[in-house]
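This report refers to the structure that appears directly beneath it.
The values are calculated or read from the model by the stated rules, or taken from the named source; none is laboratory data. Since this is a predicted model, take the numbers as computed values, not measurements. For neighbour counting, all protein chains shown are included, and Cβ atoms are generated from backbone atoms with ideal geometry for every residue, glycine included. What goes into the accessible areas is simple: the full protein's heavy atoms, side chains included, and nothing from ligands, DNA or RNA. Shrake-Rupley method; radii C 1.70, N 1.55, O 1.52, S 1.80 Å.
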Amino acid sequence: MTKALRSQPTRDRILEAARRLFAQEGYDRTTSRTIAASADINPALVVRYYGSKEQRVAAAASIELEIPD
């Protein structure tokens, strides 16, 4: 079991907003500022936690499977 990060709720909001905006607006129209506005956070946090636009797309497209042992 890993310790939850204090920043995890913010990271989750960013990822949720990024997924929604990339799906609705597409790659070109989705910016760190639009993601930040949608997540109601400072735009610098988008870059801090998810890096470049390419990294944000990769994180937003990632699907975590929880398969039981």
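I'd like the carbon and sulfur percentage of the solvent accessible area for segment 1-43, probe radius 1.4 Å, heavy atoms only, ligands and nucleic acids excluded.
49 percent
So, for the chain, what is the accessible surface per residue at a probe of 1.4 Å, expressed in square angstrom?
78 Å²
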**Report entry** Under DSSP loop assignment and at most 16 Cβ neighbours within 10 Å, longest GluC sites (Glu not before Pro)-free interval of the chain
**Finding:** 1-63
Query - Relative contact order (%) - criterion: Cα under 8 Å, at least six apart; region: the chain - result: 32 percent
Query - Dipole magnitude (debye, nearest 20) for segment 26-69, charges at Cβ of Lys, Arg, Asp, Glu - result: 400 debye
Report summary line: When the charge dipole of the chain is computed with +1 on Lys and Arg Cβ and -1 on Asp and Glu Cβ about the Cα centre, the Cα farthest towards its positive end, among 35, 57, 18, belongs to 35
Query raised in the report: Roughly how many Å² of residue 20 are accessible to a 1.4 Å probe, to the nearest 10?
Result: 90 Å²
Report summary line: Among [x] 42; [y] 31; [z] 52, the entry matching percent of Cα pairs over 19 Å apart as calculated here is [y]
